[in-house]
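These notes are about the structure you will find just below.
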Amino acid sequence: MTESTPRSFDLIILGGGSGGYAAALRAAQLGLTVGLVEESKVGGTCLHNGCVPTKALLHAAEVADNAREGSKFGVNSTLESIDMTVVNQYKQGVIDRLYKGLKGLIKSRKVTMIEGHGTLVGPDAVEVRGERYTATSIVLATGSYARSLPGLEIGGRVMTSDQALELDYVPNSAIVLGGGVIGVEFASVWKSFGADVTIVEALSHLAPNEDEALSKGLERAFRKRKIDFKLGVRFQGVEQTDSGVKVSLEDGTVLEADLLLVAVGRGPRTSGLGYEEQGIRVDRGFVLTDDNLHTGVANIYAVGDIVPGLQLAHRGFQQGIFVAETIAGVQTQPIVEANIPRVTYCEPEVASVGLTEAQARDAHGDAVETVEYNLGGNGKSQILATQGFIKLVRVKDGPVVGVHMLGARVGEQIGEAQLIVSWEAHPEDVAPLIHAHPTQNEAMGEAHLALAGKPLHAHD
Ligand SMILES: Cc1cc2nc3c(=O)[nH]c(=O)nc-3n(C[C@H](O)[C@H](O)[C@H](O)COP(=O)(O)OP(=O)(O)OC[C@H]3O[C@@H](n4cnc5c(N)ncnc54)[C@H](O)[C@@H]3O)c2cc1C
C-alpha cells in the first residue's frame, strides 16, 4: 500500500485465496477496478497449506513406492530412506514458482493488492490497517481453518494439516483422526514413507461422503497396504508424552503413536470480521447466500470455503469467476454443486462427480441403473499393476448422473467424467466415442459401452 493506493474501487475482495483471486482476475479482465485484501499470501490455503503441498508430498510418496516396488518390474531398486529436508525443498520450490507466477499475474491485470487484515465496516466498505476503502460491490472470500474437536488442543505432537505439512521428519507411527479427504491423503503419504498408520473415523466408512462402493474399495486397498483403520468409533481423549501420544477411543481402545493428526474438517473463517454486524446471515459460521452467491445485503457476495458446500479449490475458482461476471453484468450460469468434480489423491486415487447410487435412488427411486467396470479388464491398469473400477450411475433410459472411480491415476479421468455428467450425456452418446489404446481412459469408454448394453472387454 502506498500514498497513491486508491481508496475506492468497483470491487473489493476480502481474501486472496482460490475464490478471491479468481474473482479479482476475472473482474479486472472485464474492466472493473479491483482491490484485493490479503493478510497473508495470495493463493491462500490451496497454494500454501493445502492442495499444492499435499500433492507434492503425494508425488514424493509415489516415487518412494516405485523405488520400493521396482523389483516387481525387474528394476532392482530399494528404498533407502526419505530425506524430509529435500522433500520439503522440492515441495516449497513448487509453491514458490506458482506463487511468483500468481503475483505477477495479479500485477499484470492491474489488481490493487491491499495488504493486511480486513474487516467489513459498511455495506460498501472495508477497513484495513485503519484505512477505509469503499467499493460498489464486495466479495467475501476469507476461507477456512483446520477445525479440532471440543477439548482437543492442537500443539506438540497433536497437529493439524498445517503443522503436518511442515514436519522435518517421517514419524515411525501416526494416528490420523478423520477418514475424509485430508486424513486419507496424509495416511497414504506417511505409509509410503514407511510409517505405521492408523486412521480413526467415527462414521462407518473411509471417504464417507463417496459412493459406498468407492469407500469399500478404498478400505480393501488400504488393508492391502497395511494402513490400519478403526471405523464407527469416536475419539475420547489424547495424552502427550515426551516420546509420543496415547489416544483413547470411546470403545476402550488405546492407541499409541509418535503423533496425532487431527483431520476432522475445516471451519469457515468468518468470526470477528464484521459480517453479522452488517446484517449478513451466518449459520454455524458459514455465510448464507442465494444461488447467485449474493448474501442478501447490498452488493455483497461470498465465495469459496465460507459458503456451505464442497470445500474445494476449483469450486472457489468457479464461484469467483461467476460472481465477477455477475457483478460486471455478463450473462453467466449458476454453479451446479453436484457437478463439481471431487478427487482424493491417496494411493489408490478416488475420483467422482455427480450423484452417488444412494443419492440417485433417493432422487429417482427404482429408475436407476448402475454398472461397474473392473480395471482388471483394462490394459494400461494392468501395466501399472493397479486395481479398481469405474462405476456409472444412470437414470433408466436417461443420462449418466454419477461417475465414481477407484485406482491409480484415476483422478486424471475426472475431466471427461464431469463433461459427461454436466452435459447430461446418455451412455449411448458416449459409447461410440473413441478412447485411445492402451490408456486407463479406455475403461471410461468400456463402462459406457457396458451401460449402453454392448460391453466389449467384459466377461458376461
Ligand atoms: C491439506 C489440504 C489439502 C487440500 N487439498 C485440496 C485439493 O487437492 N483440491 C482441492 O480442490 N482443494 C483442496 N483443499 C481445499 C482448498 O484448499 C480450499 O477449498 C480452498 O483453498 C478454498 O479457497 P478460499 O478462497 O475459499 O479460501 P482460502 O484458500 O482459505 O483463502 C482465504 C484467504 O483469505 C485470507 N484472509 C482471511 N481472512 C482475512 C482477512 N480478514 N483479511 C485479509 N485476508 C484474509 C487468508 O489469508 C487466505 O489467503 C485442501 C485443503 C487442505 C487444508
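Since every read-out is calculated from the coordinates, none of them should be taken as a lab result. Quick caveat, the model's predicted, so the values are computed rather than measured. Virtual Cβ from ideal backbone geometry, glycine too; neighbours counted across all protein chains shown.
With the alpha-carbon atoms as the only input, what is the per residue convex hull volume for the chain in Å³?
Numbers: hull volume 78.7 nm³, N = 460.
Cα convex hull per residue, to the nearest whole number: 171 Å³.
Each 5 Å bin from zero holds the following percent of Cα-Cα pairs in region 105-194: 2, 9, 16, 15, 10, 8, 11, 13, 10, 4, 1. Seen against the Cα atoms of the chain and their longest principal axis, helix 212-224 is set at about 70 degrees. In region 348-451 the Cα-Cα distances spread across 10 Å bins starting at 0 as 17, 52, 26, 4 percent of all pairs.
Pairs 55/110; 91/246; 41/91: which are spaced more than 25 Å apart, C-alpha to C-alpha?
Values: 55/110 31 Å; 91/246 30 Å; 41/91 17 Å.
In this structure, 55/110; 91/246 exceed 25 Å between Cα atoms.
Around the amide H of residue 114, modelled in the peptide plane, lie the amide H atoms of 36, 37, 38, all under 5 Å away and 5 or more residues distant in sequence or on another chain.
Placing a label point 7 Å from the Cα of residue 148 along the Cα-to-Cβ direction, the residues of region 262-276 whose backbone N falls under 16 Å from that point are 262-267.
Ordering 370, 444, 432 by Cα displacement along the dipole of region 348-451 toward the positive end leaves 444 in first place; charges were set at the Cβ atoms of Lys, Arg (+1) and Asp, Glu (-1).
Histogrammed with a bin width of 5 Å, the alpha carbon distances of region 160-206 distribute as 5, 22, 33, 26, 9, 3, 1 percent, first bin at zero. Compared with the dominant Cα axis of the chain, that is its longest principal axis, helix 84-108 is turned about 40°. Within the shell of other residues whose beta carbon sits under 14 angstrom from the beta carbon of residue 238, the net charge comes to -2, with Lys and Arg scored +1 and Asp and Glu -1. Computed from Cα positions, the angle between helix 18-29 and the longest principal axis of the chain comes to roughly 60 degrees. Rounded to a whole number of µm²/s, how large is the Stokes-Einstein D of region 268-336 at 25 °C and 0.890 mPa s, given Rh as the Kirkwood radius over C-alpha pairs? Estimated diffusion coefficient is 198 µm²/s. Taking the empirical scaling 2.2 N^0.38 Å for compact globular proteins as reference, region 158-264 has a Cα radius of gyration ratio of 0.99. With the alpha-carbon atoms of region 1-118 aligned to their principal axes, the span from lowest to highest coordinate is 64, 26, 19 Å, starting with the largest. Dipole magnitude for region 348-451: computed about the Cα centre from +1 point charges on Lys and Arg Cβ and -1 point charges on Asp and Glu Cβ, it is near 260 debye. With the cut-off at under 12 Å, measuring from each backbone N in region 380-423 to a point 7 Å along the Cα-to-Cβ line of residue 433 picks out 400, 414-423. For region 60-69, backbone phi angles converted through the Karplus equation (6.51, -1.76, 1.60; θ = phi - 60°) give residue-by-residue couplings of 4, 5, 5, 4, 4, 4, 4, 5, 5, 9 Hz, Gly and Pro being listed as x. Between the residues 229, 218, 120, the greatest Cα displacement towards the positive end of the dipole of the chain, with unit charges on the Cβ of Lys, Arg, Asp and Glu, is found for 120.
Placing +1 on the Cβ of every Lys and Arg and -1 on the Cβ of every Asp and Glu, with no other charges, gives the chain a dipole of roughly 760 debye about its Cα centre. For region 344-355, backbone phi angles converted through the Karplus equation (6.51, -1.76, 1.60; θ = phi - 60°) give residue-by-residue couplings of 10, 8, 6, 10, x, 6, 10, 9, 7, 8, x, 7 Hz, Gly and Pro being listed as x. A straight Cα-to-Cα reach below 22 Å connects residue 380 with the lysines 72, 224, 391, 454, residues fewer than 8 places away in its own chain not being considered.
If a spin label sat at a point 7 angstrom from the Cα of residue 4 along the line to its beta carbon, the backbone N atoms of region 13-53 nearer than 18 Å would be those of 33-36. For region 247-262, 3J(HN,Hα) computed residue by residue from phi via the Karplus equation (6.51, -1.76, 1.60; θ = phi - 60°) reads 10, 9, 10, 5, 8, x, 5, 10, 10, 10, 7, 5, 8, 10, 9, 9 Hz, glycine and proline entered as x. Think of it this way: in the chain, 346 stand alone, with no other Cys Cβ under 4.7 Å. Subtracting the Cα-Cα distance of residue 204 and residue 310 from 0.36 nm times their residue separation leaves 36.1 nm of extension gain. Residues whose amide H falls under 5 Å from that of residue 196, counting only those 5 or more places apart or on a different chain, are 173, 174, with hydrogens built in the peptide plane. The gain in end-to-end length when the residue 105 to residue 216 segment is fully stretched comes to 35.7 nm, 0.36 nm per residue minus the alpha carbon separation.
Here the residues 275, 145, ranked from fewest to most Cβ neighbours within 10 Å of their Cβ, fall in the order 145, 275.
Close amide H pairs (under 5 Å, H built 1.01 Å from N) link residue 230 with 199, 200, 201, residues at least 5 positions away or on another chain.
Since only 189, 263, 164 are under comparison, the one whose Cα sits farthest along the positive direction of the charge dipole of region 158-264, derived from C-beta charges on Lys, Arg, Asp and Glu, is 189. Dipole size of region 1-128 about its Cα centre, with +1 on Lys/Arg Cβ and -1 on Asp/Glu Cβ: approximately 400 debye, rounded to the nearest 20.
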